[in-house]
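Each value in this text was obtained by applying a stated rule to the coordinates, not by laboratory testing. Model, not experiment: these values are computed from the prediction. Here the Cβ positions follow ideal geometry from the backbone for every residue, glycine too, while neighbour counts run over all protein chains shown.
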Amino acid sequence: MREYDLSLWEMPVSEQKTTSIQIEKFIIDRITSGVVRPGEPIPSHRSLAKLYGVNRNTVLRAYTKLIGGGWLLHSKGSKAVVGNRAIAKSGGNFTAMPELLPTGLPTAQQESATLLGYRRIGFVALGQPFISSPSAFAKAMDRHGRRSEFSGAKGGVSERLGMEILTQLNQRKFNILQEHLMVIRGRSECMRCIFGALCAPGEVVINTAPWDKLIHSVLGDRLLKVANMELTEAGFLTQLEQLVVKTNCRAVYLRPGCSFPNCTHLDEASCLALIALAKRYGFYIIEEDDDHEFWWGKYPYKPMAQYSHDGHVVYCGALSRTTVYFQHLRTVISAAQLTERLGRFCNGNFGFRDYQQEQALTGLLSDNELLFFSRQARMQKLKDRNSLHELLQLQLKEYVRYELPECGTGLWVEFKGNTDTSKLFSRIARDGQRIRPVVFPDSAGKTINHLRLDFSRFDLRECRQVAIKIREILKRNLKV
């Protein structure tokens, strides 16, 4: 490769103003056509900016996208070279995600299996998992939504949006190719596609979120045999292994980042042990993740799909929770064999589609603005989490116990004594307080003394009023 022969990098003459998108596509064309080979350097962004007569930040933006997508590699103090994505295309090894599933796709109905029983703990749920976006975000959405005409669809979203989503996921260190990614609109549609493509009727699935009505419905509709467990059970991994051996399990569904409803997560050692079990016994891990933007420690929670798993992990999650529609877009990361099958299952026709929202999202991703607004939302939720903690300590410390979650926007609260939270919150609602409690009774009909509180939409004044009312009732030791 003649590194400084810029004649190889002259773009076709166009009447339109040169943009970072045009530059990005042109560089990809130079790579795929063999003008440059894996490991070879390409001209600096300054050289190309001068050649094209554009601001160097325009070229730098294209470089950033290409690096995120694996087309280029760059380290501080060195030149950009043709990178991992091109290496993978030419037979190299860029991603840990394989082309084929390790145990293949389902072929026939399995024999009956004896499943273990499960004792559910009842709770009351308050709050909805939707984030209130700042006004600046709405303005940015409107600005991008009014841009040039939206491009055609591919795989349920526009081809351009799919590329931007891939870049964002690789910036999060998933290190995947386009053939490992599927975007499906709607959580219900997404889960139905995954279980439909991966499991045959009659096969056994272990469900670690038995209270999730949507998952329960999906598994029932697929005529799957279900064994219920929870991540909080003592000796979870030991019990899981025993159940897998007895039932010839096909898949385990879980939310290792923030389980529902008790807001717990698996540590790194448990994640590695679970993946080892999946490899040993040949089952799949269906990992759902809606809370990747909301983590409260020094580092974000690492999804199981980012560990070495040889294709045993199928990742699915909300693209972002900054709007209801973005939460409605689900990203699925899996072996290419499963992705292809998912494409036949969903065919891009599931769920309501808002082209303006998708166009705005494409712009937000292209300009790296979504990351900025996600960070803003996380910082606001961290303040809300701390405010809620202070309020509970001030008003209800002697009546409740809880642990602050390390990720997610839910808080799992246990009321001490024989306090029946279902009657307690029903009484508060009847007194005119603006709350909508949802009761999940246990299987034995016992007193419910747990509360799942979602602070996605948090109003300190309203929460204080409810906390004071609860304290007054409990302090008077009234029957609730």
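Worth pointing out:
- Sorted by Cβ neighbour density within 10 Å, fewest at the top, the residues Asp29, Asp442: Asp29, Asp442
- Residue order for Trp71, Trp296, Trp211, fewest other beta carbons within 10 angstrom first, comes to Trp296, Trp211, Trp71.
- Per residue, the average separation of C-alpha pairs within less than 8 Å and at least 6 apart gives segment 134-371 a relative contact order of 28 percent.
- Going from the residue with the fewest nearby Cβ atoms within 10 Å to the one with the most, Leu460, Leu342 rank Leu460, Leu342.
- Hydrodynamic radius (Kirkwood) for segment 134-371, which is based on Cα pairs only, to one decimal in Å: 18.5 Å
- Count Lys and Arg as plus one, Asp and Glu as minus one, and take only other residues whose Cβ is under 14 Å from that of Phe26; the net charge is then +1.
- One Cα centroid belongs to segment 358-405, the other to segment 27-71; the line between them spans 37 Å.
- A Förster distance of 25 Å, applied to the separation of the beta-carbon atoms of Ser135 and Trp296, puts the FRET efficiency at 0.50.
- Less than 5 angstrom separates the built amide H of Ile285 from those of Val252, Val313, Val314, all sequence-distant by 5 or more or on a different chain.
- On the beta carbon distance between Arg37 and Arg143, with R0 = 35 Å, the FRET formula returns roughly 0.30.
- Fully extended contour minus Cα-Cα distance, from Glu233 to Val245, at 0.36 nm per residue: 2.5 nm
- Inter-label distance, nm, simple model (7 Å from Cα along the C-beta direction), Ser217/Glu472: 3.8 nm
- DSSP beta bridge pairing in the chain, given as percent antiparallel to the nearest 5: 60 percent
- Label zone (Glu406, point 7 Å along Cα-to-C-beta; backbone nitrogen cut-off 18 Å) within segment 212-248: 231-237.
- Once the C-beta distance of Ala269 and Arg120 is scaled by a Förster radius of 25 Å, the resulting FRET efficiency is 0.40 to the nearest 0.05.
- Free of any GluC sites (Glu not before Pro) that DSSP assigns to a loop and that have at most 14 other C-beta atoms within 10 Å, the longest stretch within the chain is 234-397.
- Other residues with beta-carbon under 11 Å from the beta-carbon of Val413 carry, at +1 per Lys or Arg and -1 per Asp or Glu, a net charge of +1.
- The chain - percent relative contact order, Cα under 8 Å, separation 6 or more: 20 percent
- Inter-probe distance in nm under a simple model that places probes 7 Å from Cα toward Cβ, at Arg172 and Gln465: 3.7 nm
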